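FYI, it's all coordinate maths here, none of it is from the lab. From a predicted model like this one, the values you see are computed outputs, not experimental measurements. As a convention, Cβ positions derive from the backbone with ideal geometry for all residues, glycine included, and neighbour counts pool all protein chains shown.
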Amino acid sequence: MKLVKMSLACAMLMSASAFAIDNLKVTGNLELYYNTDNLDGQGKDGLFDRETSIGDTALRLNVTGDIMENLSFGIGGDIVSTLGLEREIVTGSWANRDKTGNKIDDAVWIGDLWMEGKVAKTTAKVGRMEFDSPFIFSEKWSVVPNTFTAAVLTNTDIADTTLIGAYVGQGNGLNVGGSANSSTAGWDYMASGGSFGTFAADGAYTVGAINNSFKPLVAQAWYFDVKDMMNAYWLQADWDCQLVKNVKLGAQYASMNTKGASSAQADSSAYAFKVAYEGIENLKLTAAYSSVDDDGYYKIANVATDNTGRYSGDGKFGAQSKLYTEEWWNYGYVGAAGADTVTLSTEYDAGFVKLYAQYTDVKNTAKDVKMNEATLTAFKSFGPLDVLLELISADATDQNAGKRYETFQTLFTLHF
């Protein structure tokens, strides 16, 4: 494992030093992730037992620099391993096993490899990279994010407005409908070994606009053309309300219109609202509500990971959603057809630790599914080391034989 790490680092540095590079920077992080639950309804053991635990370690190395004025580059490598923990402590890994759950080999891949050029107020970025938009984005709940091979153009010529245009050709997340990229079997949210393949049927186009002309309000509008699958729209407005001091309001509307190979499937749509209060020092209180139409096939969620899946407690994971009401851990419920969701959350910075609590209640009469999730997290930085502890209690009619169960997670991140 040490040899692999050194080889990757040397290769990245040698490739960078082959040119006259200015402002060369080497950064990265080392992450240790552990997840355990007590899914006794499935005949498994309790918290901290090997059969109910998942573990990952990941090393991310990033090299960035300027090739010339207004032209930069970036290279990022990912190494994921259980470090042999599966022998005694865990059963496997989120990020690198195959669809049967048996593969626990180390995985190494290049997650970022891009060039970025700037002319006046227009920036073009081409290559392999993280991407963020309402329906196509990199999920960061695990030790490594899924990334994309894409071309992204941004422009800020219009005052207080950012225009975005992008083509996404490849990705290493599970595609629309949960099919793995190319012929590589996948698991959870990422193809086995981080393997890249064609995004969806034949790539996707997206354009977006983010405007802040009216200073208390940030409005955004997005259009997506996922080839041979769907056209999708996302509208969102977030308002720092001046009428009621320290109150912030938000509204979302999203729709997916199927086409091509998916034309026989029903369209999807959803709306959501939120209100937040920040009038008490270091405290934020938020309430949100969302509703999804009853008949849609695709979920109002990420189409770059397993959009039609949902967390089932046995390792199968659904795509994350950008709806205000998204749960902390049990992805795949909030954006599903027929889901009506209420989420309450509070954030408090106590100085020595940052605390977060969330309660989400999902009722889906169309699918005859109910689920609620309560989460408490604690975050603390010790210099370059970040520590996150999470305790989640979930009760779903379609999980763990309908019995409530708990999940405990830890994430240690060392930045360098």
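FRET efficiency for N212 and S263, Cβ-Cβ distance as r, R0 = 30 Å, nearest 0.05?
After rounding to 0.05, the efficiency reads 0.20.
Expected output is a single nm value to one decimal: the length gained when fully extending between D66 and V126, i.e. 0.36 nm times separation in residues minus the C-alpha distance. What is it?
Stretched out fully, the D66 to V126 stretch lengthens by 20.1 nm.
So which of K25/K227; K118/K227; K248/K354; K121/K227; K248/K299; K118/K140 end up more than 32 Å apart by C-alpha?
K25/K227
Which whole-number percent gives the relative contact order of the chain, counting Cα pairs below 8 Å spaced six or more residues apart?
It rounds to 12 percent for the chain.
Using a Debye calculation, one point per C-alpha and no hydration shell, please list log10 I(q)/I(0) for the chain at q = 0.07, 0.10 Å⁻¹ in order.
-0.34, -0.74
On full extension of the chain, what length is gained from V387 through V275, given 0.36 nm per residue of separation minus the C-alpha to C-alpha distance?
37.4 nm
Treating cross-link reach as a plain straight distance, find the aspartates and glutamates whose alpha-carbon is under 16 Å from the alpha-carbon of K363, omitting any fewer than eight places away in the same chain.
Partners found: D293, D294, D295, E326, E327, D340, E373, D395, D398.
Multiplying the sequence separation of A221 and K118 by 0.36 nm and subtracting their Cα-Cα distance, what value in nm do you get?
Extra length from A221 to K118 when fully extended: 34.7 nm.
If you place +1 on the Cβ of every Lys and Arg, -1 on the Cβ of every Asp and Glu, and leave all else neutral, what size is the dipole of the range 2-415 about its Cα centre, to the nearest 20 Debye?
Computed charge dipole of the range 2-415: roughly 420 debye.
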